[in-house]
Amino acid sequence: MTVGPDGSERSAGAPAQARGDLPEAAVRRLESTVFSSGLSVPDFAACLDLGLEPVALVQGFCVMQWGWYGQGSGYMRGLSPYTGGPQSAGSYSETYRCPHGFVSNEHRSWGQNLEQPWVEAAWAQGYGSAYQRMLEEATAHGAHGVIGVMDRVSSVADTGTTEFHFLGTAVTVDDGPPPAGGVPWSTYLAGQRLTKSIEAGFMPVAVVAALASVRVWAYCMTEYLMEGSMSWGGPTGPHLVEQVSKAHMAVRQLARKHVRQQLAGDELHGATIDVVARELSQGDEVIDCTLRGNRVRRFKDFDQVELPRPTVRLA
Amino acid sequence: MGAQSLATPAPPSQARGITSDLSVDEALLLHAAGWEPLDLVCGVAVVSVPVGVWNWGRGAISLASDAHDQAVDQAAAQLRGECSKVHGHGVVGVRVEVSVRTHHVDVELVGTAVRPIGGKDPRGTDAAQAMPFTSDLSARDFTLLQRAGWMPVGLAFGASFVYAPRRTAGTAMKQTRQNIELTNYTEAMYSARESAMEKMQRSALHAGGQGVVEVKVTEGPMSFARHAVGFTAWGTAVRLVAESHQFVQPQVILPLDDAVVTFEAESLRSGGQGRGRKR
């Protein structure tokens, strides 16, 4: 028997069937007689107050290598990168044609904004695998959910690989039935923010995230505008760079679309958007947009909150 | 009540779920004020800056200011367009990111589209959806503003870029040993700042605002052209929608917390007695 944070005795260890492919060290840790949590003291107190009992700090990892996308790779299209259309059915693509006619072989007579579904799928695989491994650890403890989730996507030293890392605190509901479907819920929230969200009628479902990636193959006009050149009949004053602006809008819209596909009618709260644009050369760019947030489900009608009274503090 | 509902989840909804970047507190406050979030919306624009614009010169760099204005206008138009698409009446908590580069100005606006619960808007639903407001005010500030009888109408922007003034070698030599105001510097910086703010106010008037709140001012040399200085000013243009300003009459509170006296170990080094520090 182990002693829980509220002083009660409970069974130690992970059920053997839930251990899955966890590393040996993880199994040993989960069999330990002490609980662990990544919660701050106020969050820990709020968690107990809400009727949730922290059982273990749980984590999941996945290291991915990004393949070669250039000439000759399985992801590319032979000698010319130009597809003339979307990379796969339903994906985003826009084509731009040079207004000058044939000038030279070096002249960029076409341009394309192209969604890169293979990059998005690889990211989703890495993110999803790490997330599932965290849930495996939580399931091993019979947890109902994981709170205070933190995720990080970073490079592993200079190996050219990307690591997806999840960390959270697995919790059980006092006297609650086993988790529905055997899958714990998860949320980035903890402490007061989680309590307020639940009191407002939203139960956490899962943390959701998606990456959208758009490659910009600049055509001549985009190249001139992004390099400040005014040659070849380009505008002499400031001018909207249509191809790049549209690519930036598209990547954000695609990220929202991907996340919305995971919501299945639920709501996304506390969303954050991160955009990384890597400028290559001559107007070419790769734009990646990550959108993440808390998927929540309404379990009761919203109780109208009384409009708070403004105060002035004398101190 | 709360924890038990976490053990037995509600059935999934068939509705088109909302997305929002509001915090839990902001969502609750907004709801208390009679508004609901709809969708995360954004507007992005990249506008080119012609070659040679940042070369040495005198006075204002008007092409750079024009590029900034154009980028902001385009991004705001896209933001409003996305808001209208989801039948929003406005966008709150807009995060503004402006990046001025050598050959282009990038502007990104991201916020949450909102509408009044029940769709009742003093401006009329059609008018509100046709021209939704945009605002970088937080949900708290938006609620307080509305309570005072005002409404945001749009984001107001102004920018001014100038070449840092130069002195002749002779003047510089003459002034080496003097404590003297460099009037050409003062005047150039002064007028550039005023110009940015004037543009911002003009943009607020154009949006139908009577004033601008939460004005942010940034300034500094361009990282790629140290001889050029950029000034930007932006905020939320507001308009009085009530007959007159509504006084919110805040309640004065006096916290009774005692100040905590802590011991500062570093004070021992100076040989003094361990002095307390209030916090």
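Since every read-out is calculated from the coordinates, none of them should be taken as a lab result. If you're wondering where the values come from, they're calculated on a predicted model, not measured in any experiment. Heads up, the Cβs are rebuilt from the backbone with ideal geometry, glycines too, and the neighbour counts pull from every protein chain shown.
Data table
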{"item": "Nitroxide proxy distance, nm - points 7 Å out along Cα→Cβ at A:Ser281 and A:Ala180", "result": "5.6 nm"}
{"item": "Amide H contacts under 5 Å for A:His144, placed H, 5+ residues apart", "result": "A:Val171, A:Thr172, A:Val173"}
{"item": "For A:246-254, mean number of other protein chain Cβ atoms within 10 Å", "result": "4"}
{"item": "Charge dipole of the protein assembly as shown about the Cα centre (unit charges at C-beta), most positive-ward option of A:Ala89, A:Gly283, A:Leu211", "result": "A:Gly283"}
{"item": "Within chain A, longest stretch clear of exposed GluC sites (Glu not before Pro) (DSSP loop, no more than 12 other Cβ within 10 Å)", "result": "A:107-305"}
{"item": "Computed FRET value (nearest 0.05) for B:Thr125 with B:Leu205, which takes r as the C-beta separation and R₀ as 22 Å", "result": "0.30"}
{"item": "Extreme residue, positive dipole direction of region B:20-246, given options B:Ala188, B:Ile61, B:Ala113 (C-beta unit charges)", "result": "B:Ala188"}
{"item": "Average beta-carbon neighbours from other chains, 10 Å sphere, peptide A:196-206", "result": "4"}
{"item": "Candidates per chymotrypsin sites (Phe, Trp or Tyr not before Pro) in region B:51-139, loop by DSSP, up to 14 other Cβ within 10 Å", "result": "B:Trp56"}
{"item": "Relative contact order of region A:118-212, pairs being alpha-carbon contacts under 8 Å that are 6 or more residues apart, as %", "result": "32 percent"}
{"item": "Charge context of B:Ser65, other residues only, Cβ under 14 angstrom, K/R +1, D/E -1", "result": "-3"}
{"item": "Label-point gap, in nm, between A:Ser36 and B:Arg167 - each point 7 angstrom along Cα→Cβ", "result": "6.4 nm"}
{"item": "Computed magnitude of the charge dipole of the protein assembly as shown (debye, nearest 20; Cβ of K, R +1, Cβ of D, E -1)", "result": "1180 debye"}
{"item": "Chain B: relative contact order in percent, alpha carbon pairs under 8 Å with at least 6 residues between", "result": "17 percent"}
{"item": "Compactness of the protein assembly as shown as Cα Rg over 2.2 N^0.38 Å, two decimals", "result": "1.13"}
{"item": "Tail fraction, Cα-Cα pairs, region B:20-246, threshold 22 Å, whole percent", "result": "55 percent"}
{"item": "Computed magnitude of the charge dipole of chain B (debye, nearest 20; Cβ of K, R +1, Cβ of D, E -1)", "result": "840 debye"}
{"item": "Debye, to nearest 20: dipole size of region B:1-129, +1 on Lys, Arg Cβ, -1 on Asp, Glu Cβ", "result": "120 debye"}
{"item": "Signed unit charges on C-beta, dipole axis of region B:20-246, positive-most listed residue B:Val47, B:Val72, B:Gln175", "result": "B:Gln175"}
{"item": "Shielding score for A:222-229, defined as the mean number of other chain Cβ atoms within 10 Å", "result": "5"}
{"item": "Computed over chain A: relative contact order in percent, which uses C-alpha pairs under 8 Å that are six or more apart", "result": "19 percent"}
{"item": "Radius of gyration, Dmax [region B:1-98; alpha carbons; angstrom]", "result": "21.1, 70"}
